[in-house]
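The values are calculated or read from the model by the stated rules, or taken from the named source; none is laboratory data. Not measured: the values here are computed from a predicted model. Here Cβ is always computed from backbone atoms with ideal geometry, including for glycine, and neighbour counts include all displayed protein chains.
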Amino acid sequence: MPASARPAIARRTRQMALPALLVMGVAAISIVLFGSTARAQGTGSAQPAAPATTVPAGTHNHALGNTGGTSYQDTELGTGSASGRQLYVQACASCHGTDAQGSARAPTLVGLGSAAVDFWIITGRMPLEVPSQQAMRKNPIFSTTQAKEIAQYVASLQVPGYVGSVPQGPSIPGPIDLSQANLAHGGELFRLNCSTCHSLTANGGALSYGAYAPSLVPDTPLEIAEAIRTGPGNMPRFSIAQLSSQDEADIIKYVKYITHPQDRGGFNLGHVGPTTEGFIGIVVGVGLLMLAAFWIGDRA
């Protein structure tokens, strides 16, 4: 190579280095940013739902009847009123009262049903540090078995002076079978009943007066089923007449599908859609055009 040509080559290299670094830097930051967001959403206690799966959730659909708060029989836990009461008194009685009748700090739990109590405990929303704030999902302090013991104990309580058994809310669901669930129908039901608050991607959204609908990404099928039937927080409660058991399974299957999609190669880009894809396309495409323009100009 002639010595006279070396300065020109070095000059062209320096001219092309800046736009090349700029393009690569922006593209790398975009991919890492959007890609890591989706990967972070996939972490949590929930596992991706297979097309056909059965999630064991205990067998708690029996009627408790009027047990007087002394004992109950459960097919999974056996007689658990004593341990359930002990755990309740330690963690819940300070706000809800020793007999779950409620207080100035928290409402009554009698008649709420075991599913509602179980949902609040296994998602870590209870015990609540600040009763005036919306409960946030966090790591639960009780195991799944302990949560069910507390829930079944609360469901066994009666109102003093009440004749007969107190009508109970929904019980903890039994096994949730998604093998026959209809994904397309679940999507229709989710968009109609759930997406207004939880967003189309089930990542949650803001509500009025500072409240918010939480993300459904970490929720298990059992937790989603309990939420549908009990309506925790600002969520409406859906009865069997409104959403059948099949509808419930369809919604759960769709939620697990959109929150844990199967990315078959390439970067997921946060699953935002054409916005992210267009941004990456413009950055990379315009950057390549800039490099080509510099190269053609130098040759000319």
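Things worth noting here:
- Unmet criterion (only one of (1) of a type in the set (Gly, Ala, Ser); (2) within 30 Å of Ser244 (Cβ to Cβ); (3) touching a residue at least 12 places away in the same chain (Cβ under 8 Å)) for Ala106: (2)
- Residue match in region 199-220 (condition: closer than 21 Å to His185 by Cβ, in contact with a helix residue (DSSP H, G or I) (Cβ under 9 Å, 6 or more places away or on another chain) and among the small types (Gly, Ala, Ser)): yes
- Restricted to region 231-258, and to residues there that are closer than 24 Å to Met136 by Cα and free of Cβ contacts under 8 Å to residues at least 12 places away in the same chain, the residue that is surrounded by the fewest Cβ atoms within 10 Å (Cβ to Cβ) is Pro236.
- For Pro175, the conditions (1) surrounded by fewer than 17 Cβ atoms within 10 Å (Cβ to Cβ); (2) more than 20 Å from Arg237 (Cα to Cα); (3) at pLDDT 90 or above are fulfilled apart from (3).
- Tally, over region 189-237, of residues that are assigned to a helix (DSSP H, G or I) and either on the phi < 0 side of the Ramachandran plot or not hydroxyl-bearing (Ser, Thr, Tyr) (or both): 21
- Where a residue in region 285-300 is under 19 Å from Gly25 (Cβ atoms) and touching a residue at least 40 places away in the same chain (Cβ under 8 Å) and its partner, wherever it lies, is among the basic types (Lys, Arg) and in a helix (DSSP H, G or I), with Cβ under 8 Å and at least six apart: Phe294/Arg12
- Residue check, Met136 buried (at least 21 other Cβ atoms within 10 Å of the Cβ), over 24 Å from Ser165 (Cα atoms) and at pLDDT below 95: no
- Restricting region 259-282 to residues that are out of contact with any Leu (no Cβ under 8 Å at 6 or more places or on another chain) and at pLDDT 80 or above, the residue that is nearest to Ser215 (Cα to Cα): His260
- Extreme residue, surrounded by the most Cβ atoms within 10 Å (Cβ to Cβ), among residues of region 206-228 that are in contact with a Phe, Trp or Tyr (Cβ under 7 Å, 6 or more places away or on another chain) and not acidic (Asp, Glu): Ile228
- The listed residue being closer than 26 Å to Ala241 by Cα, outside the structural domain of Gly233 (by TED's automatic domain parsing) and part of a loop (DSSP other than H, G, I, E, B), out of Val166, Val159, Val117: Val166
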